[in-house]
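Remarks on the structure that follows.
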Amino acid sequence: MHLHVARDPLEVAMELMDSLHLGMAVQAPDGRILQANHAATAVLGLSLDQLTGRDSLDPRWQAIHPDGSPFPGETHPAMQALRSGVALHHVPMGIFHPPSETWRWLDVSAIPRFAAGNPAPKQVTTVFADVTELRAAQEALRASEQRFRSLVQATAQVVWTARPDGAFVPPQPDWEAFTGQTPEQYSPGGWTQALHPDDRARALAAWQRAVDTRSGYSVSYRVRRADGQYVPMEARGVPVRGEQGQILEWVGTNTDVTELQAAQQLLLDANAALEQRVQDRTAELAQVTRFSTLLLTAAGEGIFGLDAQGVTTFANPAAARMLGYSVEQMIGQAQHALVHHHHEDGRPYLLPECPIHQTLQDGQTRRTERDVMWHASGRAVPVGYVVTPTHDAQGQVSGAVVMVQDITEQEKARAQLHEMIENLERSNHDLEQFAYVASHDLQEPLRTIGSYTELLSRRYAGQLDDRAGQYLQFTQAAVERMRSLIQDLLAFARTGRQLAPPPPGPGRAAAGGRRQPAGQLAGRRHAELGHPAPGVGARLAAHSAADQSGGQRPEVPCAGPAAPGARVLRAGGPLCAPAGA
């Protein structure tokens with residue numbers, strides 16, 4: 001036989017509240033807590049010892065109302081229930097939670113307990129639930145709803161609702177304010193009368209289709225405003241569904257798109273203008289590109305561009321032909337490593353020494369009269385070039401343009417001119433030598449002829465007839481002319497020797513053995529080639545003219561003072577005719 005032990009109903013109630021995570025406290029008529037369950041200690045953040053004996057008037061509760069105002073102890077639900085004897089249910093209250101140092105929100109119910117035959121409550125049982133998280137969720141939901149309402153009001157002029165069957169029924173305050181229609185005029189289908197006649201059938205068909213298919217509603221139409229002006233609007237609606245998927249109602253908005261359409265038109269006009277400008281600019285750029293391409297292609301000099309790192313960005317056909325590469329092979333390659341890597345004598349051309357690289361570094365234009373660049377075949381190409389920097393929008397060096405000229409033919413022409421000048425110098429020297437030797441070799445027989453002619457003239461003076469005397473005179477005159485010619489040849493030879501002694505070797509200076517530039521050689525031989533000593537050339541020409549004129553000696557002015565015994569044949573200066581001629 002088992003004995004059944006009855007349990008205290010209060011103990012059973014507290015265990016039940018614990019299982020439901022509800023706090024429970026039994027308070028005396030003065031508000032002191034007599035008993036509390038474990039859930040109460042967890043919710044309030046106090047131990048059972050801390051709770052026992054504390055009353056509702058204790059300021060440590062720091063209780064507040066939902067609006068944040070103080071919640072005095074004498075107005076707590078337990079105290080009101082004790083005074084009135086009436087139960088209070090679901091009273092919101094905020095209390096301070098010591099462990100977390102935050103406020104917890106409670107849903108409090110106070111139920112008075114009476115003793116038999118006594119109208120005044122002997123105790124009050126307070127049951128409370130922690131609704132902090134629920135309250136936070138509700139506040140977030142309210143804030144979200146408020147944001148949604150604000151957004152709808154900011155983006156739409158009209159917000160409307162409809163029944164699940166699509167009937168447009170009152171109240172519709174936004175529609176009434178915008179269109180001026182009364183509930184009698186727009187309900188249930190009179191709202192279409194506020195639309196433009198051309199848009200009514202289309203708008204009504206779209207709405208009926210949305211209702212029949214239980215899908216979203218979207219259509220554009222014109223709505224007559226209260227002032228009679230038609231306004232273009234964008235209408236959108238969605239069904240609000242219940243938990244079972246059934247439609248509870250329709251919610252929609254009508255938005256004035258006048259400014260949007262105007263902005264769209266402005267955008268279209270701006271896009272059209274921009275496209276036209278782009279087309280015009282593209283055409284100009286294409287023309288400039290064609291001209292630049294034609295210029296680069298037609299240019300005889302090699303032209304290539306470099307970026308700031310010295311990589312080739314463009315090259316014209318002349319540059320490619322000059323260096324034996326294709327344009328495609330040059331573009332994208334480091335210019336120095338490709339064609340400018342060594343000096344002509346085979347020494348490596350260090351990058352800091354390269355004038356092109358220096359221009360990329362300091363932005364200074366440079367001109368190099370002679371250098372070499374290397375052909376794809378491995379041979380050196382003599383070149384002269386000009387390096388011009390390019391700059392970006394900030395003024396920084398962004399690269400360079402190099403104009404290169406192949407000077408191979410110029411060097412060949414310069415070498416040929418140098419050789420011709422050396423050959424001419426040798427010829428002049430040989431001519432001087434010949435004139436000097438010939439003048440000395442001719443003087444001896446000429447003296448013999450002159451001496452014997454003079455002896456004949458003296459010895460047989462008066463014995464010869466007139467014709468024989470005339471022949472002797474002609475002979476003496478010819479001797480004098482020959483003697484003068486020889487003297488002039490000697491003077492010509494001496495002049496050449498005095499101006500510049502013969503060089504020790506072809507094209508070499510007398511001192512140092514160093515090859516002289518062609519310009520200096522030409523200047524040194526100026527007098528030898530065409531300008532002998534003053535008067536010498538004139539007298540040589542005069543002798544030649546006399547011989548061509550049949551032996552009659554012309555009257556030629558002497559270069560200097562008249563020789564002793566010379567006769568002055570005419571005014572203007574002494575002549576070189578000897579005495580007695």
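Rule-based calculations on the coordinates, nothing more; no lab input. Remember, it's a predicted structure, so these values are computed and weren't measured experimentally. No Cβ is skipped: glycine too gets one built from the backbone with ideal geometry, and neighbour counts run over all protein chains shown.
Observations
- When the Cα positions of F114, S47, A36 are compared along the charge dipole of the range 31-143, F114 comes out farthest toward the positive end, with charges on each C-beta of Lys, Arg, Asp and Glu.
- In this label model, E243 and L294 are separated by 8.3 nm, measuring between points 7 Å along each Cα→Cβ vector.
- Each residue of the range 472-477 was assigned a 3J(HN,Hα) from its phi angle through the Karplus curve 6.51 cos²θ - 1.76 cosθ + 1.60 (θ = phi - 60°); the sequence is 5, 4, 4, 5, 4, 5 Hz, with glycine and proline shown as x.
- Relative contact order for the range 103-253: 17 percent, from Cα pairs under 8 Å spaced at least 6 residues apart, divided by residue count.
- Among beta bridges from DSSP that stay inside the range 78-123, the antiparallel ones total about 100%.
- Near A283: Cβ cut-off under 11 Å, other residues only, Lys/Arg at +1 and Asp/Glu at -1. The net charge is +1.
- Lys, Arg +1 and Asp, Glu -1 on Cβ, resulting dipole of the range 141-289 about Cα centre, debye, nearest 20: 320
- Rounded to the nearest 20 debye, dipole of the range 22-108 from Cβ charges on Lys, Arg, Asp, Glu: 100
- Charge dipole (Cα centre; +1 on Lys/Arg Cβ, -1 on Asp/Glu Cβ; no other charges) of the range 196-284 amounts to roughly 360 debye.
- For V387, net neighbour charge (Lys/Arg +1, Asp/Glu -1) across residues whose Cβ lies under 15 Å away: -3
- Summed residue charge, Cβ within 10 Å of L46's Cβ, Lys/Arg positive, Asp/Glu negative: +1
- The range 125-230: C-alpha gyration tensor shape, a/c 1.5 cut-off, then a/b vs b/c: prolate
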